[in-house]
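The values are calculated or read from the model by the stated rules, or taken from the named source; none is laboratory data. If you're wondering where the values come from, they're calculated on a predicted model, not measured in any experiment. Every residue, glycine among them, receives a Cβ derived from its backbone with ideal geometry; neighbour counts consider all protein chains shown. Areas reflect the complete protein model, heavy atoms only, side chains present, ligands, DNA and RNA absent. Shrake-Rupley method; radii C 1.70, N 1.55, O 1.52, S 1.80 Å.
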Amino acid sequence: MSPKTLYDKIWEAHVAHEAEDGTCLLYIDRHLVHEVTSPQAFEGLRMTGRTVRAPDKTIAVPDHNVPTTLDRANAATMTEDSRIQVEALDTNAKEFGIHYYPVSDVRQGIVHIVGPEQGWTLPGMTVVCGDSHTATHGAFGALAHGIGTSEVEHVLATQTLIQRKGKNMKVEITGKLRPGVTAKDITLSVIGETGTAGGTGYVIEYCGEAIRDLSMEGRMTVCNMAIEGGARAGLIAPDEKTYEYCMGRPHAPKGAQWEAALAWWKTLYSDDDAHWDKVVTLKGEDIAPVVTWGTSPEDVLPITATVPAASDFTGGKVEAAQRSLDYMGLTAGTPLTDVEIDTVFIGSCTNGRIEDLRAAAAILKGKKIKDGMRAMVVPGSGLVRAQAEEEGLADIFMEAGFEWRLAGCSMCLAMNPDQLAPGERCAATSNRNFEGRQGRGGRTHLMSPAMAAAAAVTGKLTDVREMMDLPA
Amino acid sequence: MNKFTTLSGIAAPMPLINIDTDMIIPKQFLKTIKRSGLGVNLFDEMRYDDDRNEIPEFVLNKPQYRDAQILVAGDNFGCGSSREHAPWAIADFGITCVIAPSYADIFYNNCFKNGILPIVLPQEQVDVLMKDAEKGANARIEIDLENQTITSSDSDVFTFEVDAFKKHCLMNGLDDIGLTMEKVASIDKYEAAASQSRPWV
């Protein structure tokens, strides 16, 4: 047998039909659904008299629109159009008989955090959702990617997707990370290296010692932003950490089925001499805590750098960089650590898990945020929130001056009331710094939770290492 | 789905790289439960000021481009989210063809589900068409999907590649779900085998 990549293996295990021209029907094991990209798909089913083929493999949770304030049980906290979308999901979930975690359920949260938490996401699966950050689930060695609403309808009706196989790309992070450097810094640094289109047409497998050393939470952060590098999906081969994370989760297999699953999962790795269409290697020790300066996730620099000039770039990037600098209100040559911020957002499917909150709380313990700073923590799920409260993290955040919110996507995409006003500048642990992403005219700097916490204290973009007790 | 066969239309130039889905359709317009009516909000934050007045310098607000049916753009068009509201807004405005050196993958696929032809051309050829588009309403660009050609107003002819299956669906306005339903026996068979080999799924 010819050597295969992990992607090749998962792909081959899911081809339900292959046409002569190579177009395949790929079988989908898990379909995650949220309120924003699904109403038109369910409506399409109704109009054509179709049903959901595999309701037991379909899981819905409202996240994008939902308010995160403590009074959200009061319907008046939502705009009418948001309420209609959430109600549409309530109705569709009930009518089509799919698994559902409503806003009132403690398990509700961001779909990409709820899926793994509940054991829906398992190694070797195909996972799709009408959301580009579905790549998150690749951390389990699952082939997971975002789809559009027409494809949501297609999966609901047929449990398959029409697909052509992508190319294989290996991103290896060798060696150890330095203190203060996190999974977020890895994933941003990779995008800084490859550009936002560097992964287009590829499925990325992240590997190397620095990746293996990451927890499952960290691996999810890395895979989450595969899409920002242009790749539909990012993968990490499952290992003992993966199995341990999955074991005992509500929807993970038990008993003999667990043993059978485990036996298959242990075959899910890229063979030594597998073919890669593209290889990128970064040394873990070369990665620094980074921030973004512009309006594309590829606009990444170490926190110790200065704001670049448009003339530092070539081709179409010159104009794009100038536009970014104008939008961000930044002057070339300014040290990044001189850039003042007024808002801090800790949360999102990129960095809204327990480990992220621990990292931020470790910086904030015994400290206060800068006067006038607006800072919020939005846990990724109700269960993350409960755990953080149990561990005392919530108290640390609140004592520091952070708002302690309920779960949802919140200010990552600002579809709910959590938004930036024009000109406000935010240190955010989310995934996109596009123009207007967090609110019209709002300015976003992406970074790790620890870096965002440090910025909340100083009021500026800050090198978190200066606030850590590092070994000499 | 609307068929796409040939198109002769005005092309609007947007020579910016990384035009993302938040630019194409900002999130406040994703709160709809319909597919239609988003054209008025296409490129909303670039197109209107805070008081909802049109910004005259924005390309689609200029008189010569108000009826554009083609968009010529820079690298990595449509990057960002999976929101199909982006192609819905583009189609609802009346644009059914985008020409760029590259696209984000999910956006590219979403176009074909909505009667939009996204054409990939090398940068040099996009540059020629960008200049052509800058001439305004007098320069019509012609697209022939069957023969996979683009003809500029100066009669430059470029050929482009497109997946044969996607082309077939676009030319005939075919519904993917209907086509897949014809293969339901294969899905049944797969499902039965998988329930034995991977019963935990």
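Residues being open to solvent by 20 Å² or more (accessible area, probe 1.4 Å) and at the interface with chain B (Cβ under 8 Å from one of its Cβ atoms): count how many of those fall in the range A:16-40.
3
Please identify the pairs in which a residue from the range A:15-34 that is more than 19 Å from A:Ile147 (Cα to Cα) has its Cβ atom under 9 Å from the Cβ atom of a residue that is among the β-branched types (Val, Ile, Thr) and part of a strand (DSSP E or B), counting only partners at least 6 apart or on another chain.
A:His17/A:Thr160
Would you check if there is a residue in the range A:281-299 being in contact (Cβ under 8 Å) with a residue 24 or more places away in the chain, more than 14 Å from every other protein chain (Cβ to nearest Cβ), closer than 20 Å to A:Thr126 by Cβ and part of a loop (DSSP other than H, G, I, E, B)? If you could, list the steps in order and put the result at the bottom.
We begin by selecting, within the range A:281-299, every residue in contact (Cβ under 8 Å) with a residue 24 or more places away in the chain; these are A:281-285, A:287-299.
Subsequent filtering for residues that are more than 14 Å from every other protein chain (Cβ to nearest Cβ) retains A:281-285, A:287-291, A:293.
Among the residues that remain, those that are also closer than 20 Å to A:Thr126 by Cβ are: none.
There is no residue in the range A:281-299 that is in contact (Cβ under 8 Å) with a residue 24 or more places away in the chain, more than 14 Å from every other protein chain (Cβ to nearest Cβ), closer than 20 Å to A:Thr126 by Cβ and part of a loop (DSSP other than H, G, I, E, B).
Within the range A:428-450, is there a residue that is touching a Cys at 6+ places or on another chain (Cβ under 8 Å), open to solvent by 10 Å² or more (accessible area, probe 1.4 Å) and in contact (Cβ under 8 Å) with a residue 40 or more places away in the chain?
There is at least one residue in the range A:428-450 that is touching a Cys at 6+ places or on another chain (Cβ under 8 Å), open to solvent by 10 Å² or more (accessible area, probe 1.4 Å) and in contact (Cβ under 8 Å) with a residue 40 or more places away in the chain.
I'd like to check something: does the range A:103-117 contain any residue that is out of contact with any strand residue (DSSP E or B) (no Cβ under 9 Å at 6 or more places or on another chain), outside any loop (DSSP other than H, G, I, E, B) and at pLDDT 95 or above?
Looking only at the range A:103-117, we keep the residues that are out of contact with any strand residue (DSSP E or B) (no Cβ under 9 Å at 6 or more places or on another chain), and these are A:103-105, A:116.
Right, trim to outside any loop (DSSP other than H, G, I, E, B) and you get A:116.
Subset that is at pLDDT 95 or above: A:116.
Yes, the conditions are met somewhere in the range A:103-117.
So which of A:Ala421, A:Ala388 ends up being within 14 Å of chain B (Cβ to nearest Cβ) and of a type outside the set (Val, Ile, Thr)?
On the way: A:Ala388 fails: within 14 Å of chain B (Cβ to nearest Cβ).
Among A:Ala421, A:Ala388, only A:Ala421 is within 14 Å of chain B (Cβ to nearest Cβ) and of a type outside the set (Val, Ile, Thr).
Can you name every residue in the range B:35-53 that is at the interface with chain A (Cβ under 7 Å from one of its Cβ atoms) and assigned to a loop (DSSP other than H, G, I, E, B)?
Looking only at the range B:35-53, we keep the residues that are at the interface with chain A (Cβ under 7 Å from one of its Cβ atoms), and these are B:35, B:45.
The answer is B:Arg35, and nothing else.
Please verify whether A:Thr51 is open to solvent by 40 Å² or more (accessible area, probe 1.4 Å), touching a residue at least 12 places away in the same chain (Cβ under 8 Å) and over 24 Å from the mean Cα position of the chain (by Cα), treating the condition exactly as stated.
Spelling it out, A:Thr51 is indeed open to solvent by 40 Å² or more (accessible area, probe 1.4 Å), touching a residue at least 12 places away in the same chain (Cβ under 8 Å) and over 24 Å from the mean Cα position of the chain (by Cα).
When the range A:1-15 is examined, which residues are found to be of a type in the set (A, V, I, L, M, F, W, C) and more than 9 Å from chain B (Cβ to nearest Cβ)? Even if it seems obvious, please write down each step before you answer.
Initial filter on the range A:1-15 (of a type in the set (A, V, I, L, M, F, W, C)): A:1, A:6, A:10-11, A:13, A:15.
Within the range A:1-15, A:Met1, A:Leu6, A:Ile10, A:Trp11 meet the criteria.
Provide a single number: the residues in the range B:180-200 that are open to solvent by less than 60 Å² (accessible area, probe 1.4 Å) and under 11 Å from A:Thr160 (Cβ atoms).
The qualifying residues number 6.
So which of B:Glu124, B:Glu84 ends up being within 11 Å of chain A (Cβ to nearest Cβ) and acidic (Asp, Glu)?
The unique qualifying residue is B:Glu84.
Please note which helices (runs of 4 or more DSSP H) are completely contained in the range A:128-233 and include at least 2 residues that are within 30 Å of A:Ile303 (Cα to Cα), among the hydrophobic types (A, V, I, L, M, F, W, C) and more than 13 Å from the chain's Cα centre (by Cα).
The helices (runs of 4 or more DSSP H) meeting that bar are A:183-194, A:209-212.
Can you name the residue in the range A:345-363 that is under 17 Å from A:Met398 (Cα atoms) and of a type in the set (Gly, Ala, Ser) and, of all such residues, is surrounded by the fewest Cβ atoms within 10 Å (Cβ to Cβ)? Lay out the reasoning, then the answer.
Initially, the range A:345-363 is screened for residues under 17 Å from A:Met398 (Cα atoms), giving A:345-347, A:352, A:354, A:356-363.
Now narrow it down to the ones that are of a type in the set (Gly, Ala, Ser): A:347, A:352, A:359-362.
On the way: A:Gly347: 33, A:Gly352: 32, A:Ala359: 25, A:Ala360: 31, A:Ala361: 24, A:Ala362: 16.
Going through the qualifying residues, I end up with A:Ala362.
So how many residues does the range B:146-189 have that are closer than 30 Å to A:Met47 by Cα and touching a Leu at 6+ places or on another chain (Cβ under 8 Å)? Full working, then the answer.
Of the range B:146-189, the ones closer than 30 Å to A:Met47 by Cα are B:163-189.
So of that shortlist, the ones also touching a Leu at 6+ places or on another chain (Cβ under 8 Å) come out as B:167-171, B:180, B:183, B:186-187.
Residues that pass the stated criteria total 9.
What's the total number of residues in the range A:300-353 that are more than 21 Å from A:Ala453 (Cα to Cα), small (Gly, Ala, Ser) and more than 14 Å from chain B (Cβ to nearest Cβ)?
5
Checking A:Tyr327 against (1) of a type in the set (Phe, Trp, Tyr); (2) open to solvent by less than 40 Å² (accessible area, probe 1.4 Å); (3) in contact (Cβ under 8 Å) with a residue 40 or more places away in the chain, which test does it fail?
(2)
At least 1 residues that are free of Cβ contacts under 8 Å to residues at least 24 places away in the same chain in each: list the helices (runs of 4 or more DSSP H) lying fully within the range B:68-139 that qualify.
Numbers: elements: B:85-93, B:105-112, B:123-133.
The qualifying helices (runs of 4 or more DSSP H) are B:105-112, B:123-133.
Provide a single number: the residues in the range A:364-421 that are open to solvent by less than 20 Å² (accessible area, probe 1.4 Å) and assigned to a helix (DSSP H, G or I).
Count: 11.
For the range B:18-34, how many residues are in a helix (DSSP H, G or I) and either open to solvent by 30 Å² or more (accessible area, probe 1.4 Å) or among the acidic types (Asp, Glu) (or both)? Before the answer, list the steps.
Just the residues of the range B:18-34 that are in a helix (DSSP H, G or I), to begin with: B:21-24, B:27-29.
With either open to solvent by 30 Å² or more (accessible area, probe 1.4 Å) or among the acidic types (Asp, Glu) (or both) added as a condition, the list becomes B:22, B:28-29.
Result for the range B:18-34: 3.
Taking the conditions exactly as written (closer than 21 Å to A:Glu18 by Cα, surrounded by 15 or more Cβ atoms within 10 Å (Cβ to Cβ), in contact with a helix residue (DSSP H, G or I) (Cβ under 6 Å, 6 or more places away or on another chain) and of a type in the set (A, V, I, L, M, F, W, C)), does B:Ile177 satisfy them or not? Before the answer, list the steps.
Values: closer than 21 Å to A:Glu18 by Cα: yes; surrounded by 15 or more Cβ atoms within 10 Å (Cβ to Cβ): yes; in contact with a helix residue (DSSP H, G or I) (Cβ under 6 Å, 6 or more places away or on another chain): yes; of a type in the set (A, V, I, L, M, F, W, C): yes.
Taking the combined requirement at face value, the residue satisfies it.
Applying the selection to the range A:166-182, what residues are open to solvent by less than 10 Å² (accessible area, probe 1.4 Å) and either out of contact with any Phe, Trp or Tyr (no Cβ under 9 Å at 6 or more places or on another chain) or under 18 Å from B:Ile106 (Cβ atoms) (or both)?
The one that is open to solvent by less than 10 Å² (accessible area, probe 1.4 Å) and either out of contact with any Phe, Trp or Tyr (no Cβ under 9 Å at 6 or more places or on another chain) or under 18 Å from B:Ile106 (Cβ atoms) (or both): A:Met169.
Here's the yes/no breakdown for (1) among the β-branched types (Val, Ile, Thr); (2) more than 12 Å from chain B (Cβ to nearest Cβ); (3) open to solvent by less than 20 Å² (accessible area, probe 1.4 Å):
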{"site": "A:Val61", "(1), (2), (3)": "yes, yes, yes"}
{"site": "A:His64", "(1), (2), (3)": "no, no, yes"}
{"site": "A:Pro67", "(1), (2), (3)": "no, yes, yes"}
{"site": "A:Ala75", "(1), (2), (3)": "no, yes, no"}
{"site": "A:Met78", "(1), (2), (3)": "no, no, no"}
{"site": "A:Glu87", "(1), (2), (3)": "no, no, no"}
{"site": "A:Ala93", "(1), (2), (3)": "no, yes, yes"}
{"site": "A:Gly97", "(1), (2), (3)": "no, yes, no"}
{"site": "A:Tyr100", "(1), (2), (3)": "no, yes, no"}
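Can you tell which of B:Pro13, B:Pro63 is more than 9 Å from every other protein chain (Cβ to nearest Cβ), in contact with a strand residue (DSSP E or B) (Cβ under 6 Å, 6 or more places away or on another chain) and of a type outside the set (Lys, Arg)?
On the way: B:Pro63 fails: in contact with a strand residue (DSSP E or B) (Cβ under 6 Å, 6 or more places away or on another chain).
Selected residue: B:Pro13, the only one of B:Pro13, B:Pro63 that is more than 9 Å from every other protein chain (Cβ to nearest Cβ), in contact with a strand residue (DSSP E or B) (Cβ under 6 Å, 6 or more places away or on another chain) and of a type outside the set (Lys, Arg).
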